[in-house]
Structures are given as structure tokens and as C-alpha cells.
1. Determine ³J(HN,Hα), in whole Hz, for all residues of the range A:32-43 in sequence, where each value follows from phi through the Karplus function 6.51 cos²θ - 1.76 cosθ + 1.60 and θ = phi - 60°; x replaces Gly and Pro.
2. What's the percent breakdown of Cα-Cα distances in the protein assembly as shown across 20 Å bins, shortest bin first?
3. Let me spell out the model: positive unit charges on the Cβ of Lys and Arg, negative unit charges on the Cβ of Asp and Glu, origin at the Cα centre of the range A:93-325. What dipole size does that give, in debye rounded to 20?
4. Can you list the DSSP H helices in chain B whose Cα atoms extend at least 30 Å along the helix axis and whose mean Kyte-Doolittle hydropathy is 0.5 or higher?
5. Given R₀ = 45 Å, FRET efficiency for A:Trp79-A:Arg177 by Cβ-Cβ distance, to 0.05?
6. Starting with the fewest neighbours, write out A:Phe138, B:Phe265 ranked by other beta-carbon atoms found within 10 Å of each beta-carbon.
7. Can you give the net charge of the other residues whose Cβ lies under 13 Å from the Cβ of A:Gln239, counting K and R as +1 and D and E as -1?
8. What's the magnitude of the charge dipole for the range B:73-279 around its Cα centre, counting Lys and Arg as +1 and Asp and Glu as -1 at the beta-carbon? Answer in Debye, nearest 20.
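No lab work stands behind these numbers, since they all come straight from the coordinates. Being a predicted model, the structure only gives us computed values, none of them experimental. Note that each Cβ is placed from the backbone with ideal geometry, even for glycine, and that neighbours are counted across all protein chains shown.
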Amino acid sequence: MTTAAPQTPVPPAPGPARGQGRPTQAGSSAVTRKAQARLGMLLVTPLMVLTAVFLVFPMANAAYYVFVDFNGIDPSPPWIGLSNFTELAQDPDVWAAFKNNVIWIVVGTTAPLVVGLAFALLVWTVHRGSRWYRLAFFFPYVLPQVAVGVVWGWIYEPSRGWLNRALEFVGLGSFTRGWLGDPDTALYAVLGTAVWTAAAFVFIIVLSALRNVDADLMDAARLDGTNSFQRLVYVIIPQIMPVFLMVTTITLLGGFSVFDIIFVMTGGGPAGATDVLGTYAYSSAFQLNRISYGTTLALIITVLAIPFAVMMNRLQRRLSLQGMGA
Amino acid sequence: MKYQKARLDTRGKLRLTGKHFLLIALSIVMVFPLILTISTALKTPSDVKLNPFGLFSSFSWENITTAWTVGSFGNYFLNSFLLTVPSTLLVVVLSTMGGYAFARLPFPGRGIAFYVVVVGLLVPFFTYMIPLYFQLRGMGLLDSLLGVNLVLASTGLSFGTFFMRAFFSDLPAELDQAARVDGASEWQIFLRVMLPLVTSGIGALSVFTFLTNWNNFLVPLLYIPSGEYRPLTTGLYLFLGGRSIDIGPLAAGTLITILPVIVLFVAMQKQVTQGFLSGAVKG
């Protein structure tokens, strides 16, 4: 969302311009316009129907669900006004899940940004083998999250997992534990896995942005005797800032609706230690049959994310405008 | 002068070697989970019991065949295709049509129609997934190939339309004018003139959508409750439920799940990257 998205529909190229150029064919231009309108409507109809039935309609339904108490069976559920919202505000489990969400968003956004940027800078400066590096650093992102969860579960396994083995190997045996079973570490263990995939995403995007960094500016800075850190801060970062903010927005917004990886690795446990709003919404709706309550939670996730989306979008637009002016 | 330059070069070379060393080490760390999966999947069952995560300590296809037959991963594999191929085709065809219309054809109601597409792009699946379950149940589309394909398609349509619209917008206006002068109909301009020029976009969208739908977990989890058409992702999750014991077949099942993804990724890296780069816009 946000970012490069639509702004305004692209003005139609043909039509009027053609009429001006060829005044003699004004009649056929009207025919053309009619034919274009007909084809246009025909081409968008299937798209519109599918979107209306499977997206707009359930969305409207969601808006209705939050004001009733639907249990999944009752055809005419009782109207309860804002009770779902007031209950949600007083539910300690919601706040616990929200807290986990916040941790997830903060750590799960900053860590991949740093790691992904570092990877991208490294790969950017070498030529040989860059195809292999790109492949290796990007591939975690294309994998299905379930598979990722399964394998990382083994890495975190208490007795024979590679993490504990590695810790023992370097003499940190006292830190070994069942990473996913321990309420103190479970959330961070799952986060570690998420960072692995999200860093891959940041990497590929930042790398493509680095390709557009002005080479002349880099050379000039080098001639001025700057060191590589100065060039990073004063030359590279400002130029990739809009893209960097875009990645930040996406990772951050993804943090609000995180579900798959937590659901697979811990299911929200142990004892709710890794529950986030998404997993709590799911279990409310589909395990406790509190359909309306779950829907309300899911809606809250979206609503919470909106201000961040708007803010980041504004910041990013301002930056890219500045970039153009400079 | 010359000496100095030579010295700088050796320093630069050393530095480059150091970088490559670091990069290789890091890429091994990144790829390690994949290595672990392959290693465990290809062990003998007895070796899995003793030493499940030791790397490449034995070799056998047994876990793969067990997962494929006893573990139903053969069925899941087929189901994944049945859920991914039609939905991907649907997204690509309808998005190309819609993208063309929004980019080049003025038609009444275009503003509103475009607004609907924007909404589809902005609203996360999460927001409406629960009501959609009951809607599908009411329509008799729960647990059906048709229903899940339509849902998967609808989640990708908005992005696809945007994606294809950008490709069509980039084509010069003179093209269709010239074709029109030659007496081509609007249909012919779309199919014969414009369509061949956006094949790279169609390729990237196809690969991207295929991967997204193949990897999708939440949609089959929610809308295939009975499991008749269960794909690899939820099949793997189900298999994981019986955890601890069957690590060998579980690793094999994981490998079966990700193998098509890896093959597609390595073979079509450019399209995948292009798709995901613009997919980023979706958020």
C-alpha cells in the first residue's frame, strides 16, 4: 500500500488528441470513443464482480459483525452496539497481545532494516558472485512461512537443535534452553526467524535502490577524501531514503498483522507468551466461536495501522520531492 | 607513484577477499535452514532417530516416499497445483484486461471502478477474512476448489491490475492511433498490438502470483476446514501437529513444499525479483 501507489488515474492517451490532429475524422472519433467505452467496461467487469463479491461485500459484513454478537450459527444475531469494543478495551489478554505486537513491530522492523541494509551494501560493492549472493540473501523471503517455521523449530530444539549446540560449542552452554517453550524467550525466538525472512526482503529492495545511486556523486565524494562511513551517511543514505522509508512502512505494517509464522511456530503459546492481536483474533473467532469479537479485533488491527501508513507515506513523499528539487 | 598504486591495489584486493569471505559465511548462514531440511529429509529413518540434525550423515529416499504416500504429501502436492494454477491464471488474465482498460480506455464509471481497486489494494485480508468464511459457507463454496480459487484470485486482483496498468501506460500513444488508422478494431488493438508488448509484465506477474498463492497459508487454513483439497502449506502444518516423532517425513514434506518454490526462484530469478519489488508496493 502507500508509496508509489496510484495517486491519480493515468490520463487516457488516445481519443481527443487524435480528433484534434485529424479534424476530418471527427465522426469516426465518436465511434472510436464508443467502442473504447464498450470494451473498457467489458474488460473491467469480471474484475469488478470478483472484487465486489469476495472483498467489498465481506468488508461491509465485517462492519456489521462488530455491532452484533454473532456466534456463527444464529441467523439474526442480537445487536449489542459498542459492547465488542468496550469488552476489548478491558480484556487483559488483548493488552498482552498488543504489547507483544508492539515488541514485534519495534524489533521486527529495526533489526531487518539494519541487517538488510548491511547485506545490500556488502553485495553492492562486489561484482563477482553477486548473482549467488543475491540468490542466497533473498531466498528466505520467497519460502512459505509454514516451512520456515518448521525448520526454525528444529534449530531452536532444546536438546539437539543447532542453536544450543552452537552455544555449547563457543562455551556459552549456560544460555542453552528450549527457546520456543520458555515464555521469556519464545517471542524473541520467533522474532529471530521473522528477522531472517524480513531482512531478505529489505536486502533485495535496498540493493535495487543502490543501483540508482549517483556514481558521479560517489566519485566526487571519494576525491574529496571522505571515508566509506562518511560516504554512507552523506551520499548513499540520503539517496536511498525514499526507498528505505517504503521498506520501513511495509515491514512495520506487516508487524501489525503478523500471523502465519507465530501460528505455526508456537500457536500463541506457551501460555499466551507469543499471542499477538492476529492470533488472538483467530482463536477468538474460530476456536471460541466468538465471531464478532474476533472480527472486531481484526478490524482494530487495520485501524491501528492506518495512521502509520499515512504518516510514512507523507514523509516519504516529502523526501522524494526534496530529492527531485535538489 | 607506480609503487604506491600497486600497494593500494593489494590492499584493495585484500579487502575484497575479506568481503567475499564474509559474504560467503553470511550466505551459508542464510541458506543453512535449507541445508538442514535437505540433510534431514535424505537420512535413513534410523539415523533420524539417533541424530536428526547432524548434516548428511546417511542417505536414503525413504523419508521422501513415506511423506509422499503415508503422509499424503502426494495429494497435497496435487491440491496445491489445483489451487494455485487456476487462481494464478485468473489473476493474470483479469488483471491484464483491467489494467489495459484503466490505462488506455476511457469508459463511464472508470473513476468509481478504480476506487474499488484502490480499496482492494489497501485493505488487508485480515479485515474481512472472518465474515468471508460465513459468506462462503452460505454460498456453499467452503471446502470447494472453486471457492478457494476465487478467494485467492480476488486477493491478488487489485495488485495485478495496478501492476499491469503501469505496463500499459508506458506504451506510446502513437501505437493505437496508427493501428486505428489501419482500421484495427479496439479488440484487435488490445490483443494484437498492445498485449504482445507487455509480455514481460505478464511473466513477472504470473511468477509472483504463483508463488504468493502457492505459499498462502491462511486462505486454505480458513476455507478448507474439512481438508478434502488441503494443499501443501496447511498439510505441512497438520503434519507438524503430530510433531516430535516423525522428523524424517516432516523434513521430507517440508522439502516437497518448498522445492517448486526454489526451482521457480532459481530458474526465473529476474521475474521473481521484479514481481516482489513491485509487490512491495502492495504492503
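1. Residue by residue, the range A:32-43 yields 4, 4, 5, 4, 5, 4, 5, 4, x, 5, 4, 5 Hz.
2. Here the calculated profile for the protein assembly as shown is 18, 49, 28, 5, 0.
3. So the magnitude is around 380 debye.
4. Taking the DSSP H segments of chain B (at least 30 Å long, mean hydropathy at least 0.5), we get B:2-41, B:73-104, B:145-169.
5. Result of the calculation: an efficiency of 0.35.
6. By the 10 Å Cβ count, ascending: B:Phe265, A:Phe138.
7. 0
8. 180 debye
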